[in-house]
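Quick notes on the structure that follows.
The values are calculated or read from the model by the stated rules, or taken from the named source; none is laboratory data. None of these values were measured; they are calculated from a predicted model. Cβ placement follows ideal geometry from the backbone for every residue including glycine, while neighbour counts extend to all protein chains displayed. Remember, those area values only see protein heavy atoms, side chains included, never the ligands or the DNA or RNA. Shrake-Rupley method; radii C 1.70, N 1.55, O 1.52, S 1.80 Å.
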Amino acid sequence: ALFYSALRCSREMLVMNDGSKNLLRAINNRLSALSFHIREYYWVDMKKINEIYRYKTEEYSHDATNKFNIYPEQIPSWLVDWIPEKGGYLIGNLQPAHMDFRFFSLGNLWAITSSLTTPKQAEGILSLIDEKWDDLIANMPLKICYPAMEDDEWRIITGSDPKNTPWSYHNGGSWPTLLWQFTLACIKMGRPELARRAIAVAEEKLAADKWPEYYDTRSGRFIGKQSRSYQTWTIAGFLTSKMLLENPELASILTCDEDLELLEGCACCLSKKRTRCSRRAAKSHVVE
């Protein structure tokens, strides 16, 4: 998501001339391929999880439904109970025979602001956050990822880093600096009331707690055990959120609209076998 945002920004900074034509073409090709891949393969919701649940494995052809040979048994038990009927999100990672189903806030929020997602997917992400408010917002916005890795998993993957114990720091900790990015996404999608609710939660504690870097525990009730105080990005994130809500027109400086030109370069247009494509759906959604 951050790479996609960087490409969108770099394209705006290019001076259009004969010398930059090839570079512009390369950027557009990368943007087109990246958005297609993420929209098609990284998106999960109740419908998609049920589809994965019924996947056949060891399919190796252009017509294969299970293109990455994902085993249904990889769907974690927490996800089966957690995924709401309404809304969805972009998963953490996807590679052959493996999916990281955790929800990562930063990637999902920047996918909204940069239009990496379709408008419908962007609405779905905010709907999921609304539905799972007690898990992702709770006592301090905003969970950096959900859920935390526990038991042997966190020891192996984080190298037993004591900061990354379950529900702390980068392993499910709550980071107030993510508040401004959440606010930006809410304003873009016409749902500022969600941002106001989150800011109201943060406002009760941040100043009294000396503007800490992050919070610990599943519900974000405790100041992080190694959290530094008076963190610039915590203060800046809170102030930026307040200013954006007071002047929502400023959000347009930091967001990207859907690029219909990129939709025209859809890779699936080259294939007569594909009948459904997120780009076509996105285009009709925008036009409507």
FRET efficiency estimate (nearest 0.05) - Cβ-Cβ, ARG221 to ILE253, R0 51 angstrom: 0.90
Gain upon complete extension [HIS170, LEU34; 0.36 nm per residue less C-alpha separation]: 46.4 nm
Reference-scaled alpha-carbon Rg (2.2 N^0.38 Å with N residues) for the chain: 1.06
Under the Karplus curve 6.51 cos²θ - 1.76 cosθ + 1.60, θ = phi - 60°, whole-Hz ³J(HN,Hα) for the range 102-116, x wherever Gly or Pro sits: 5, 8, 10, 5, 4, x, 5, 5, 6, 5, 6, 5, 8, 6, 5
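Quick one: order TRP211, TRP167 from most to least accessible surface, probe 1.4 Å. Intermediate values should be presented prior to the final figure.
Values: TRP211 50, TRP167 20 Å².
Reading off the accessible areas and sorting them downward yields TRP211, TRP167.
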Pairs of Lys in the range 117-263 closer than 24 Å at Cα, counting only those 8 or more apart or on different chains: 21
Residues whose placed amide H lies under 5 Å from that of CYS145, excluding near-sequence neighbours: SER105, GLY172, GLY173
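Hey, got a sec? Which GluC sites (Glu not before Pro) in the range 1-110 land in a DSSP loop and have at most 16 other Cβ atoms within 10 Å?
Details: sites: GLU12, GLU40, GLU51, GLU58, GLU59, GLU73, GLU85; in loops: GLU58, GLU59, GLU85.
Passing both the DSSP loop test and the Cβ count: GLU58, GLU59, GLU85.
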Computed lengthening from THR232 to ASN50, 0.36 nm per intervening residue step minus Cα-Cα distance: 61.2 nm
Simple spin-label estimate for GLU150 and ALA64 in nanometres, 7 Å along Cα-Cβ: 3.4 nm
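R0 = 41 Å: FRET efficiency of ARG191 with ASP18, Cβ-based, nearest 0.05?
Working: r = 44 Å, r/R0 = 1.07.
After rounding to 0.05, the efficiency reads 0.40.
Which whole-number percentage describes the relative contact order of the chain, with Cα contacts under 8 Å and a sequence gap of 6 or more? Please report the intermediate quantities before stating the final value.
Working: 437 pairs, mean separation 51.0, N = 288.
Normalised by residue count, the contact order of the chain is 18 percent.
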Solvent-accessible area, 1.4 Å probe, carbon plus sulfur percent, for the chain: 54 percent
Residues of the chain: accessible area per residue with a 1.4 Å probe, Å²: 52 Å²
For the range 22-156, size of Cβ-based charge dipole, Lys and Arg +1, Asp and Glu -1, in debye: 700 debye
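Whenever you get a sec, line up CYS9, CYS256 from highest to lowest accessible area (probe 1.4 Å, protein heavy atoms). Each step should come with its number before you reach the end.
On the way: CYS9 70, CYS256 15 Å².
The most accessible residue leads, giving CYS9, CYS256.
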